[in-house]
1. Can you give the extra length, in nm with one decimal, that the chain gains between residue 70 and residue 23 once fully stretched, where that is 0.36 nm per residue apart less the Cα-Cα distance?
2. Any idea what the alpha-carbon Rg over 2.2 N^0.38 Å comes to for region 2-145?
3. Quick check on the chain: helices-only [θ] at 222 nm, where DSSP H runs of length 4 and up contribute -39,500 (n - 2.57) each and the sum goes over total residues. Nearest 500, please.
4. Please sort by residue number the GluC sites (Glu not before Pro) in region 61-146 whose DSSP state is loop and whose Cβ has at most 13 other Cβ atoms within 10 Å.
5. Using alpha carbon centroids, what distance separates region 26-59 and region 69-83, in Å?
6. Which value in nm describes the separation of the simple spin-label points at residue 108 and residue 87, placed 7 Å from the Cα toward the beta carbon?
7. If you project the alpha carbons of region 44-85 onto their three principal axes, what span does each projection cover, largest first, in Å?
8. Can you compute the charge dipole magnitude of region 2-145 about its Cα centre, using +1 on each Lys and Arg Cβ and -1 on each Asp and Glu Cβ, nothing else charged? Give it in debye, rounded to the nearest 20.
Amino acid sequence: MSRVLPATPDEVFDAYTDAEKQKIWFSILDEEPGIVEIDVDLRVGGQQTAVWGPSRDQLFVETQTFRVIDRPHRLVTTSTGHGPGGSDAMTTEIDITFEPHAEGTLMTVVQSGFPVPEVRDFFEGTVWRGAFERIAAYLERAAEGS
């Protein structure tokens, strides 16, 4: 999945990998902010853990282990996540590129290893589409504030 985002590759890469920036964009479009906790150790072998959800008893958890970091061009992780109560545990590989584009940055995500096509389609149609919308809103607001 790809999306052109209104910022430089450095700015998009940082928005995607910086814990404080993620905490903002994770909930930027929510009427009720809910819970967002993110820790990032941005180094090969380091991990990012994100915990989010509407309440303490409805939290999703994702841990990504950084395998390739080529700032601001490429990021490769192994992602393990699960729904509330440890349900629906899944491990996938995520390969993201950040390419200069006339209108900002072309961010492309290739995620593989889904257990069934329906889960892959959900991530493409809902999860990544929502993430792109949130990151774009964050970058637009950041540009307005500068």
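1. Stretched fully, the residue 70-residue 23 segment lengthens by 14.7 nm.
2. Rounded to two decimals, the normalised Rg is 1.01.
3. On the way: 4 runs with 41 residues, N = 146.
One gets -8500 deg cm²/dmol as the mean residue ellipticity at 222 nm.
4. Numbers: sites: 62, 93, 103, 118, 124, 133, 140, 144; in loops: 103.
Listed in order of number, the matching sites are 103.
5. Using only Cα atoms to place each centre, the spacing works out to 15 Å.
6. Each label point is offset 7 Å from its Cα along the Cβ direction, giving 3.6 nm.
7. For region 44-85, the Cα extents along the three principal axes come out at 36, 16, 12 Å.
8. On the way: 12 positive and 25 negative charges, 57 e Å.
Computed charge dipole of region 2-145: roughly 280 debye.
Readers should treat all values here as calculations from the given coordinates under stated rules, not as data from a laboratory. Please read all numbers here as calculations on a predicted model, not as lab measurements. Virtual Cβ from ideal backbone geometry, glycine too; neighbours counted across all protein chains shown.
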